[in-house]
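The values are calculated or read from the model by the stated rules, or taken from the named source; none is laboratory data. The structure presented is a predicted model; accordingly, all values stated were derived computationally and were not measured. Positions of Cβ are generated from backbone atoms using ideal geometry, with glycine treated the same way; all protein chains shown enter the neighbour counts. Accessible surface is based on the protein model in full, side chains and every heavy atom, while ligands, DNA and RNA are left aside. Shrake-Rupley method; radii C 1.70, N 1.55, O 1.52, S 1.80 Å.
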Amino acid sequence: MSALRQIAFTLNGRAVTADVAPHHTLVEVLQEQFALYGARESCAQGLCGCCTAIVDGRAVSGCLYLAAFADGADVVTIEGLADRNHLDPVQEAFISCNAFQCGFCTSGFILMTRQLLEQNPDPTDDEIRHYLSGNLCRCGTYPDIINAVHAAAATLHKE
Amino acid sequence: MTPFELQEPDTLAEAITLLDPDDPAVRPLAGATALMLMMKAGLFQPTRLVSLRRLDDGLRHIFIDERGELHLGALATLSDIERSALVAEHAPAVTQACHTLSNVRVRNVATLGGHLAHGDPHMDLPPLLLALGARARAVGPHGERWIDAADLFVGYYQTSLERDELLSEIVIPSPEPDTHATYVKFTALSADDWPAVGVAAAARHRDGVIVDAKLAVSAATERPTRLPAVEAALRGATVCADTIESAAEAAARSVEPLADLRGSSAYKREMIRVHVRRALVTVTRS
Amino acid sequence: MSTRVDPQPITEDRPTVQIGRSIPRLESLEKVTGETEYIHHLRLPHMLYGKIFRSSVAHGRILKLDTRAARELPGVAAVITGADVCALIPEPYYGPAFHDQPVLAIDKVRYVGEPVAVALSEDPHLAEHAANLIEAEYEELPAVFDEVEAAAATDTFVHDALKPAGTFPDLKHLQGRTKTNVALDFSLRHNDAERGFEQADYIFEHVFRTPAAIHAAMEPIVAVGEPRGSSAVTIHTSSQSPSFVRTEVARLLGWPENHVRVRTAFLGGGFGAKLYIKLEALVAVLALLVKRPVKIALTMEEQFYTITKHATTVRMKSGVTKAGKVVARRCEAWWNGGAYADIGPRVTQKSGFTAAGPYDIENVSLDSYAVYTNLPPAGAFRGFGIPQLVWAYESHTDIIARELELDPLEFRRANILRNGRPQATGTIMRDTATVEVLDTLERAMDWKAPRDPGDGNVRRGRGVAIGFKACIAPTTSVAIVNIYGDGSCAVYCGTVDMGQGSDTAMAQIAAEVLGLDPRAISVIHPDTDVTPYDMATLGSRSTFHMGNAVRLAALDAREKLFIMAGKALGCDPGLLSAAGGCVRAPDGRQLSVGEVIKSGFLMQAGNLIGSGSFRPTYTSPSHGDGQSSDITPFWMVGAVGADVEVDMETGHVRVTRLVSVADVGTVINPAIVTRQLNGGAVMQLGLTMSEALRFDHGQVTNASLADYKIPGILDVPAEIFAEAAPGCQHSGPFGAKGAGETGTFAVSPAIANAIHDATGVRIYDLPLTPEVVYRALRAAQHNPLENEL
């Protein structure tokens, strides 16, 4: 069988190491070795975004990303976005706009929205829809998610 | 996923020596998105994967050379290409196609080389590269060679690359002035679906006459396919509805669409007709 | 919308404070920080992962099962087969309506994907590898796939004999019935349909079909079995029905219910997929056999082999007078139940009796058949069969209106079933806002406004549809309200919050009674060792049933609180009131709830426990004619208006506006309710436009979200909104009733009716893919597209 190798990376601002096999995915390692469950596997095909993590500033699907590739990288998950007392404006907006129901896809949508607003601080509906087209919400909360993105953009403008 | 060995060479030359020309269970791996899908589904069970992510050969480049040709490194991610101002200026249709190519996370990781070498007929850039007359540089144990994009795709998930050859870059020639290109993606099941039909067209017209036209279809066909006979008929023809309609008709008749979950062969043929027409209308607009 | 109505003996006469408030969900913080607990995340010490080896044939006898290579793989703890299961449980067959489904296949397999064996390892990848090494040999048997053909089959049967569950007296007559694939046939006769047809001026008859589909909850089905010695077991499961799981697993094991503990957490969606037994019996058996915790987490792909939505064929026939009155309707519905009945027979019956639609029709004849086939089992799916029937009767109704050149909305209003009139079962309709829903939709749609029909390649159209549903009956909910020593409060209830916001709604109901802030109330998640019985979280029953139970429990707790406070304040308890976290005397003196408890227990200690149990009245439909004077505790009504644009060259349909209007009674939390309605509409949009399981000889050919496309954000109409029509369910808690499914009812026919409005083309089979629409357009131009092959 395949040998474990140690990888070192930054996880939510902290230097960490993990022992991983080549076939381990990033989402598995986050859950099993760091007890971070905000990224979670659903479709297993990179289509639903439930397993979204940010690697070196770019969003990836944690279920399609080999953990070995995180070696030396800067990894941020939903748990690294804010603490419970100081939510990120995107998190605040998702609450105020009722932009989730079951919540399983929510971390992914929030991280993708963060990325979108970093690249495009004032997106149109159409730009939001295209950017978030790789995230699925079976509860069908999409209209509220679009509202939440606009609300977060407005807050970030004020800051 | 079943366990496998992962190698991460530092140079392209080393990567090539690690590949095995005779063993399909050994493959190169770049962004890994497409291979991971096959591995997770159990369709591909590698013994060894050769990762290209540590290569120091600078295969992420995007530049325009002195002849005005656009060079895209094989390890440039699709996001790199999507966001490149040079690409937007030199090949705006590529930028446009990238916006609806899979999704942001896949584009952030998937590379141009992997996108092409996978040989999947549903990929978005291959037909466009065909219509733009692009060529690919491949490197193997015996040196490098150039492959015309149209010759890269030889069958369903089959390319003309050897198992121990790697793409190093794609070159899009400098377009003649006033060339317009477009890619039309028709999805049948949901907006973010794989295309049921992809059509790419590039054309140049002067004084109401088509000077040059290139046309390729994908997704409905077993491989991205250029349509030289239709292109030839367009050359020298007047820009008008009849010209375009007969080209669309000829395009639809010249391919054998594959039936799948996204449509019957007969339906896809009709959709090729419609979308070739729409693409040609776009690229011949004054 | 906050009219307070009190059906219970204890009356209150103050305006409500917490009802009708859009407070954010109680669990908002956890959900945006990624900390929400789902069973998906659960890992226990020494836990094994199970990977299922599945049948590759649709119907066959198991000749040989070779597990040696899997067992010998280093790191594999065990490989378990049906024979091992039988050693623990001699008759390991389960199901809510029929005891027909084996924990693992025994002797035979009945569909492609049926679980045959399980490989166990501490490493999930190894378990998967081991499962791939298992080999089976089958003697293939003839298989049946189509529901109408299977119902009529004379030589191919999925099961040798019917085995109805003993719990349902109305299924007893089916015991042991052989040589049939019809698990249940339900008939309803209301007056005389044949005579009605004779009196009609026009007869219309059509057949409509819907395909199998899947729920695709984002959290795939998951369960963990944890042995507690050899005579008790805990099951952690993403289940919508923990009480049922306990009862059924205890029955299988021959144990008392108190030896089986079932607990859930938040669910990442359910939609009916996570009801009854899915993985629970299997993980319990595995855990007891290997004496270690065992987790099975399905992949998205495996969900396609686990539970589906019934494919249906529905034949509708109506007799209509020149005046536009529907005087007779006959419906026959065939439900493709797959290889195991699950709750299919109940879908057949409970939805079957509404198959004539929300119309006042003098003569009705309904026949509904639950049919076994060699496909993955079908069960509950948001709407419980109603969307399939509404697809049929609202397409049919629209055809009639348009052929008679009557305004489709007016035609519906002219025939609508109103309060005080008998539904087809004979039950008199009450508290049901059918007319108000149509009126609200008409206004919300601006139905009579002039429209742009489009031209050339793009045609525009508008359609409406309305559907209704009876709530499942009779069912029970029990709740406990517990006030702790510091005055904080918890609600113990078996309702599973799977995104519908039940925790918040229950907290609002308890808070209303106790004068507390709902955000300060905790809702204890289902744990059968802790929370009392609840039938299940299904069929839009929780707000009504559990809401009533919670309200009763809160009233019970409040009564005890007032007695204690009365002593402290020297005041008649009957004169006290609860508000703002305090108990108040008429003279203005008040004590906080915590102070009351301290006064009673002399320190911060003790509990004040109130309990509530709720079961509405019900009269079973009589066998044969399906008549009942009390068929349901309440009716739900949902209507949809849709605007579409049709690309005439491709058949591609874009829904540009989707408006949902529902009768949900009094709205407890408007923000949550409108999202439930919109969410149901978006889900049904997918089932309308693209979703369908495709089969090749029983093998699903699109078992992934790459090939089975659910709606993404780009598919959602630019304009989409939901509105609650004015209504009040007098028997509901503060006038409320269910809302979880109502948004799904009428979406499909509203869109098809809009396509007809735009193009003149009528489509009878879902989904409305571009090719389906294109072929219909070509056929209408007398230039049909050549057929495949």
field: Portion, in percent, of the accessible area of segment B:179-284 that falls on carbon or sulfur, probe 1.4 Å
entry: 52 percent
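Compute the accessible area per residue over chain B, keeping the other protein chains in place, probe 1.4 Å, unit Å².
Per-residue accessible area for chain B comes out at 37 Å².
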field: Residues C:Val435 and C:Ile203, FRET efficiency given R0 of 22 Å [Cβ-Cβ distance, rounded to 0.05]
entry: 0.20
- request: Give me the accessible area of A:Met112, 1.4 Å probe, in Å² rounded to the nearest 10.
  value: 0 Å²
- request: Treat segment B:236-283 as a sphere of radius equal to its Kirkwood radius over Cα pairs and apply Stokes-Einstein at 20 °C in a medium of 1.002 mPa s; give the translational diffusion coefficient in µm²/s, rounded to a whole number.
  value: 193 µm²/s
- prompt: Could you give the semi-axes, largest first, of the ellipsoid that matches segment A:1-141, computed as the square roots of 5 times the alpha carbon gyration tensor eigenvalues and rounded to whole Å?
  reply: 27, 16, 14
- line: So the angle from the long Cα axis of helix A:106-119 to the longest Cα principal axis of chain A, reported in degrees to the nearest 10, equals 70 degrees
statement: Debye calc, one equal point scatterer per Cα of the protein assembly as shown, no solvent, log10 I(q)/I(0) at q = 0.06, 0.07 1/Å comes to -0.52, -0.71
- request: Would you tell me the accessible area of C:Trp255, worked out with a 1.4 angstrom probe on the heavy atoms of the protein chains, in Å² to the nearest 10?
  value: 60 Å²
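Rule-of-thumb check for segment B:62-172: C-alpha Rg over 2.2 N^0.38 Å?
So the Cα radius of gyration is 0.99 times the expected 2.2 N^0.38 Å.
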task: When a/c is below 1.5 the answer is rounded, else prolate if a/b is larger than b/c, else oblate, so apply that to chain C with a ≥ b ≥ c taken from the square roots of the Cα gyration tensor eigenvalues.
output: oblate
query: Taking the simple approach of a point 7 Å from Cα along Cα-to-Cβ for both C:Arg195 and C:Cys86, what is their distance in nm?
result: 5.6 nm
query: Does any residue of segment A:124-140 lose at least 50 Å² of accessible area with all protein chains in place compared with its chain alone, and if so which ones (probe 1.4 Å)?
result: A:Arg129, A:His130, A:Ser133, A:Leu136, A:Arg138
task: Quick one: give the max-minus-min coordinate of the C-alpha atoms of segment C:421-523 along each principal axis, largest first, in Å.
output: 72, 38, 24
query: Accessible area lost on pairing A with C, both sides, 1.4 Å probe, Å² to nearest 100?
result: 4300 Å²
task: Report Rg(Cα)/(2.2 N^0.38 Å) for segment C:154-292, keeping two decimals.
output: 1.50
message: Starting from the 7 Å offset along Cα-to-Cβ, what nm value, one decimal, do you get for the label separation of A:Thr124 and C:Asp517?
response: 4.3 nm
- prompt: So how do C:Asp185, C:Asp431 rank on accessible area, 1.4 Å probe, biggest first, that is with the largest at the start?
  reply: C:Asp185, C:Asp431
- request: Translational diffusion coefficient, Stokes-Einstein: compute it for segment A:5-80 using the Kirkwood radius over C-alpha pairs as Rh, at 10 °C and 1.306 mPa s, and state it as an integer in µm² s⁻¹.
  value: 134 µm²/s
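List the accessible area buried at the contact between B and C, summed over both sides and calculated with a 1.4 Å probe, in Å² to the nearest 100.
Using a 1.4 Å probe, the pair buries roughly 2200 Å².
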- request: Return the average number of partner chain Cβ atoms within 10 angstrom of each residue Cβ along peptide B:258-265.
  value: 5
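Shielding of C:208-217 by partners, i.e. mean partner chain Cβ atoms within 10 Å per residue?
If you average over the peptide's residues, the count of other-chain Cβ atoms is 1.
For segment B:62-172, what % of the accessible area comes from carbon and sulfur atoms, probe 1.4 Å?
Details: 1930 of 3780 Å².
Carbon with sulfur: 51 percent of the solvent-accessible area.
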query: In the full protein assembly as shown, how much of B:Asp164 is accessible to a 1.4 Å probe, in Å² to the nearest 10?
result: 20 Å²
- line: Semi-axes in Å, largest first, for segment C:628-768 (Cα gyration tensor, √(5λ)) are 30, 19, 15
task: For the A and B pair, go ahead and give the buried accessible area with a 1.4 Å probe, both sides summed, in Å² to 100.
output: 2500 Å²
message: Tell me the per residue accessible area of segment A:89-158 using a 1.4 Å probe; a whole number in Å² is fine.
response: 29 Å²
- request: Enter the accessible area per residue of segment C:219-330 (Å², integer; probe 1.4 Å; all protein chains in place).
  value: 24 Å²
message: Computing the accessible area with a 1.4 Å probe over protein heavy atoms, can you report the carbon and sulfur percentage for segment A:5-80?
response: 45 percent
message: Counting only protein heavy atoms, probe 1.4 Å: which residues of segment C:624-652 lose 40 Å² or more of accessible surface in the full assembly compared with their chain by itself?
response: C:Glu649, C:Thr650
field: Relative pair counts by distance (%), Cα atoms of segment C:255-361, 5 Å bins
entry: 2, 8, 14, 15, 14, 12, 10, 7, 6, 5, 3, 2, 1, 0, 0
- line: Scan of chain C for GluC sites (Glu not before Pro) in DSSP loops with at most 14 other beta-carbon atoms within 10 Å gives a longest site-free stretch of C:406-785
- request: Arrange the residues C:Phe98, C:Phe614 by how much accessible surface each exposes, largest first, with a 1.4 angstrom probe.
  value: C:Phe614, C:Phe98
Overall dimensions of segment B:179-284 by Cα: Rg and Dmax, Å: 13.2, 44
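Can you give the Rg to Rh ratio for segment C:556-708, taking only C-alpha atoms and Rh from Kirkwood?
For segment C:556-708, the value is 1.24.
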statement: Expected output for segment B:1-35, residues with a loss of 50 Å² or more in accessible area relative to the chain alone at probe 1.4 Å, reads B:Met1, B:Pro3, B:Phe4, B:Leu6
field: Ratio Rg/Rh [Cα only; Rh per Kirkwood] for segment C:405-448
entry: 1.05
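For C:Val148, B:Val106, give me the order by solvent-accessible area with a 1.4 Å probe, most accessible first, ignoring ligands, DNA and RNA.
C:Val148, B:Val106
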message: Between C:Trp255 and C:Gln175, what's the calculated FRET efficiency when r is the beta-carbon distance and R0 is 30 Å? Round to 0.05.
response: 0.75
- request: Determine Rg/Rh for chain B; Rg is computed over alpha-carbon atoms and Rh is the Kirkwood hydrodynamic estimate from the same atoms.
  value: 0.98
- prompt: Dividing the alpha-carbon Rg of segment A:89-158 by 2.2 N^0.38 Å yields what?
  reply: 0.96
field: For segment B:1-79, projected area of the alpha-carbon convex hull averaged over all directions, nm²
entry: 6.4 nm²
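Would you calculate the volume per residue, in Å³, of the smallest convex hull containing every Cα atom of segment C:99-166?
Convex hull of Cα atoms, per residue: 131 Å³.
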Span-like helix ranges in chain C, DSSP H, alpha carbon extent 30 angstrom or more, Kyte mean at least -1.0: C:542-569
